[in-house]
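Below is one structure; the comments refer to it alone.
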Amino acid sequence: MTKTKVLMVASECAPFAKTGGLADVVGVLPSQLNAQGLDCRVIMPLYRQIKEKYIKQLAFMRWTTLKIGWRSMYSGLFSMEHEGVQYYFIDNEFYFNSQSIYTEYSYDIERFSFFQRAVLDALGAPMNFYPDVLHCHDWQTGMIPCLLDAHFRPHGYFTDMRTVYTVHNLKYQGVHGVNQIADLMDLPSRYMTDYGILKDGVPNFMKAGIVYSDMVTTVSPTYAKEIFLPFYGEGLDGVLRNYSYKVHGILNGLDLDVWNPVTDEFLEKQYGIEDFAKGKAANKRAMQEAMDLERVPDVPLITMITRLVDQKGVDLLLRVLDEMMEEDCQFILLGTGDGYYENEFRQAERRHQSNMRSCIMYSNDMSHRLYAAGDIFLMPSVFEPCGLSQMISMRYGNVPLVRGTGGLKDTVTPFDPVSGEGNGFSFPNINAHDMLFLLKDAMKLYRNDPEAWNKLVYNGMTGDYSWETSAQAYIDLYDKLLQS
Ligand code: ADP
């Protein structure tokens, strides 16, 4: 039997380049699919950081020039095998030599326009790989199904190939002016319509992905339903409703090798389900020392690891932060993002020197240590397509307190002390005091009922966050598409 061949196209992939959950998913799903008998590979831009770190392992495959509008641009193709998965990288230092993965918005549109066209140009003979399914992720790759339709299929290329488009976050859509996109994409006018790639009169990459792909997926069953509603649809709910027949929700899993407190080398003390009380106590103490907080074992340590953007419910927290810090608790935030929020948290730390720390930075090492040290993990998102942090926190015995939306609703079940079932705390409305009162209840349980608390931790740590079920769901979708 021949293997189903899949090429994932994305702007981020762990461990090469990561700003959020997209990288985690693209970093682990291919190996999971391969373990189940597929041949799944990945293509992404060759960012400066990747070139610097992996220069010795990268193999040059070919270069060519791509005509984009009036420009002729160099496009290099490199490859590398990493932990059993074949990766391809599109090289162009003009576009990808910047310090960070993303730069200025309108320049990013141009960078990822180039990337998408370069990917299609490299498909097939140049990379010596003819995928059955092209699996695109988020706005940076949303034009690919449309470009296939416009530039390749009319000439008989890739006519049997199917496309899947995964929406990780509907908020970021890739919107730019008609003239610029017509120039960058070289699209016939029939695509520049409200039935095509235009949304409210302007090109929208995410809309294009939804309209022209064969199947649309998003990263949790609840978010897949929520996005049909105006509140969650980010202006695309009408488009999504029109194409609802091809929308599916598949929950993300975790990379269980990376996120495993039993083997995690970043931790002060590794721990498993048998010795979590001891292990967590050691990690908490080490964190309190590192943060110069009082070394108190029994005071609940509240944690938050997040991009500091409005999606994550940061406004809710800021609204009640001073009240929260009056409680007998400690709070450590690890996050970067919006400058306004960064400053608010810096200032809040000054007001609450005795029990709060704001670590305004991106640090993978620290995130591992903080997941392990914390007792309660706050994630009051306004919307959350899937969310990985709440699953990581559960695996590390750090009990999540979330707003019940999207993937948070699908993964966090409110704890019932009577039956002993459930793995966290969840409040339904976007209301700061609902969050605070629930948090107070959670802290009461932590202090007064260690047995119930330990059961809660146990339930979280023993949950199934593997990719197996979800990888199988993707395989079923690919099979369905290829049979159609
Ligand atoms: P999103 O993709 O919307 O940012 P997710 O919960 O899906 O949210 O994934 C966030 C990922 O990024 C998690 O692995 C989390 O640990 C990590 N992360 C977020 N902020 C930081 C930070 N400041 N430092 C280190 N890791 C972070």
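The values are calculated or read from the model by the stated rules, or taken from the named source; none is laboratory data. Here the structure is a predicted model, which means the values were calculated and not measured. Note that we place each Cβ from the backbone using ideal geometry, even for glycine, and neighbour counts take in every protein chain shown. Areas reflect the complete protein model, heavy atoms only, side chains present, ligands, DNA and RNA absent. Shrake-Rupley method; radii C 1.70, N 1.55, O 1.52, S 1.80 Å.
Annotations
- Cβ pairs under 7 Å, 6+ apart, first in segment 387-412 and open to solvent by 10 Å² or more (accessible area, probe 1.4 Å), second outside any loop (DSSP other than H, G, I, E, B) and of a type in the set (D, E, K, R): LEU388/ASP24
- Any hit, segment 106-121, residues being in a loop (DSSP other than H, G, I, E, B) and assigned by TED's automatic domain parsing to the domain that holds VAL178: no
- Within segment 11-38, considering residues that are open to solvent by 10 Å² or more (accessible area, probe 1.4 Å) and of a type in the set (A, V, I, L, M), the one farthest from the ligand (Cβ to nearest atom): LEU38
- For segment 283-333, filtered to residues that are under 21 Å from GLY21 (Cβ atoms) and basic (Lys, Arg), the residue that is least open to solvent (accessible area, probe 1.4 Å) is LYS312.
- All positions within segment 273-282 that are open to solvent by less than 80 Å² (accessible area, probe 1.4 Å) and either touching a residue at least 60 places away in the same chain (Cβ under 8 Å) or not in a loop (DSSP other than H, G, I, E, B) (or both): ILE273, PHE276, ALA277, GLY279, LYS280, ALA281, ALA282
- Looking only at segment 418-446, and only at residues there that are touching a Phe, Trp or Tyr at 6+ places or on another chain (Cβ under 9 Å) and open to solvent by 60 Å² or more (accessible area, probe 1.4 Å), the one that is farthest from LEU321 (Cα to Cα): GLU421
- Screening LEU229, LEU236, LEU251, LEU240 for residues that are more than 20 Å from HIS137 (Cβ to Cβ) and either aliphatic (A, V, I, L, M) or within 16 Å of the ligand (Cβ to nearest atom) (or both) leaves exactly one candidate, LEU229.
- Among all residues of segment 432-444, there is none that is among the aliphatic types (A, V, I, L, M) and within 16 Å of the ligand (Cβ to nearest atom).
- Qualifying residue in segment 392-401 (condition: within 12 Å of the ligand (Cβ to nearest atom) and over 23 Å from ASP257 (Cα atoms)): no
- Residue within segment 357-378 that is touching a Pro at 6+ places or on another chain (Cβ under 9 Å) and closer than 30 Å to GLY233 by Cβ present: yes
- Those residues of segment 363-401 which are of a type in the set (A, V, I, L, M, F, W, C) and over 25 Å from ASP328 (Cα atoms), in sequence order: VAL382, PHE383, CYS386, LEU388, MET391, ILE392
- For segment 157-170, a tally of residues being more than 25 Å from the chain's Cα centre (by Cα) and open to solvent by 50 Å² or more (accessible area, probe 1.4 Å) returns 3.
- For segment 122-145, the set of residues classified as part of a helix (DSSP H, G or I) and either outside the structural domain of ASN92 (by TED's automatic domain parsing) or more than 24 Å from GLN483 (Cβ to Cβ) (or both) consists of ALA122, TRP139, GLN140, THR141, listed by residue number.
- Output for segment 10-66, where each listed residue is of a type in the set (Ser, Thr, Tyr) and in a helix (DSSP H, G or I): SER31, TYR54
- Selection from segment 342-359 of residues that are away from the ligand (no atom under 12 Å from the Cβ) and either open to solvent by less than 10 Å² (accessible area, probe 1.4 Å) or at pLDDT below 95 (or both): ALA348, MET356
- Test result for PHE266, of a type in the set (A, V, I, L, M, F, W, C), within 14 Å of the ligand (Cβ to nearest atom) and open to solvent by 50 Å² or more (accessible area, probe 1.4 Å): yes
- Residues that are of a type in the set (Lys, Arg) number at least 2 in the following helices (runs of 4 or more DSSP H) confined to segment 389-484: 432-448.
Here's the yes/no breakdown for (1) under 21 Å from LEU187 (Cβ atoms); (2) open to solvent by 10 Å² or more (accessible area, probe 1.4 Å); (3) hydroxyl-bearing (Ser, Thr, Tyr); (4) over 21 Å from the mean Cα position of the chain (by Cα):
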{"position": "GLY201", "(1), (2), (3), (4)": "yes, yes, no, yes"}
{"position": "MET206", "(1), (2), (3), (4)": "yes, no, no, no"}
{"position": "TYR212", "(1), (2), (3), (4)": "yes, yes, yes, yes"}
{"position": "THR217", "(1), (2), (3), (4)": "no, no, yes, no"}
{"position": "PRO221", "(1), (2), (3), (4)": "no, yes, no, no"}
{"position": "PHE228", "(1), (2), (3), (4)": "no, yes, no, no"}
{"position": "GLU234", "(1), (2), (3), (4)": "no, yes, no, no"}
{"position": "GLY238", "(1), (2), (3), (4)": "no, yes, no, yes"}
{"position": "TYR245", "(1), (2), (3), (4)": "no, yes, yes, yes"}
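- Among the residues of segment 360-371, those that are more than 7 Å from the ligand (Cβ to nearest atom) and either at pLDDT below 95 or closer than 24 Å to ASP441 by Cβ (or both) comprise LEU370, TYR371.
- Pick from segment 302-332, criterion in contact (Cβ under 8 Å) with a residue 60 or more places away in the chain, within 15 Å of the ligand (Cβ to nearest atom) and outside any helix (DSSP H, G or I), ranking: nearest to HIS368 (Cα to Cα): ILE305
- Members of segment 68-86 that are within 15 Å of LEU120 (Cα to Cα), touching a residue at least 40 places away in the same chain (Cβ under 8 Å) and either in contact with a strand residue (DSSP E or B) (Cβ under 9 Å, 6 or more places away or on another chain) or not assigned by TED's automatic domain parsing to the domain that holds TYR130 (or both): MET73, SER75, LEU77
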